[in-house]
1. Condition (residue is within 19 Å of residue 37 (Cα to Cα) and in contact with a strand residue (DSSP E or B) (Cβ under 6 Å, 6 or more places away or on another chain)) applied to segment 81-100: is it met by at least one residue?
2. Can you report the number of residues in segment 136-147 which are out of contact with any helix residue (DSSP H, G or I) (no Cβ under 8 Å at 6 or more places or on another chain) and either in a loop (DSSP other than H, G, I, E, B) or loosely packed, with under 14 Cβ neighbours inside 10 Å (or both)?
3. Please count how many residues of segment 162-177 are surrounded by fewer than 18 Cβ atoms within 10 Å (Cβ to Cβ) and either farther than 18 Å from residue 99 by Cβ or in contact with a strand residue (DSSP E or B) (Cβ under 7 Å, 6 or more places away or on another chain) (or both).
4. Could you tell me whether any residue of segment 122-135 is more than 23 Å from residue 38 (Cβ to Cβ), in contact (Cβ under 8 Å) with a residue 12 or more places away in the chain, over 16 Å from the mean Cα position of the chain (by Cα) and not in a loop (DSSP other than H, G, I, E, B)?
């Protein structure tokens, strides 16, 4: 009987670890970025007024529940977004730019300006983000920030870990785009 209970518990824990689902979107519990394997740290849904905009997951080399620890973590990282509604490319880019701007001083923004424009241009060139579009924003220590839309790399990799951290602060900064989403990405969702 004891062995049966252990087998059932193991099967259940494997099933629970197989994927995280938020907003009807399933995110794998693990993913490969560069040469490393990352774990889903947390996942949540971005809402604007009453509308669900996107489901997202944050992947890290090891789980962290503190935003500062996430920002300081070494190694590859991934932000995975799955759109839950159609957006114009301009809406998407403006929201990203607003999130970066609200978490940085003017002096910090001066250092990010050109790279944020490069990233924004790549997003605009990617075309109309429709419901179901998957956007991956990866930090590859050997290459930089890589934008992938529906499996296709967009633009050139952007150098500087400070730029990737600036993007992370959209969701994890002192003025996150949505407080409960920040908590969810940190694995603290209720």
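1. Yes, segment 81-100 contains a residue that is within 19 Å of residue 37 (Cα to Cα) and in contact with a strand residue (DSSP E or B) (Cβ under 6 Å, 6 or more places away or on another chain).
2. 2
3. Counting residues in segment 162-177 that are surrounded by fewer than 18 Cβ atoms within 10 Å (Cβ to Cβ) and either farther than 18 Å from residue 99 by Cβ or in contact with a strand residue (DSSP E or B) (Cβ under 7 Å, 6 or more places away or on another chain) (or both) gives 0.
4. yes
Residues are listed down the side, and each one gets a yes or a no for (1) within 17 Å of the chain's Cα centre (by Cα); (2) in contact (Cβ under 8 Å) with a residue 24 or more places away in the chain:
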residue: 105; (1), (2): no, no
residue: 116; (1), (2): yes, yes
residue: 139; (1), (2): yes, yes
residue: 148; (1), (2): yes, no
residue: 151; (1), (2): yes, no
residue: 161; (1), (2): yes, no
residue: 182; (1), (2): yes, yes
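None of the figures in this text is laboratory data; all of them are computed from the coordinates on show. Everything numeric in this text was worked out from a predicted model, so none of it was measured. Methodologically, a virtual Cβ is constructed for each residue, glycine included, from the backbone with ideal geometry; neighbour enumeration extends over all protein chains shown.
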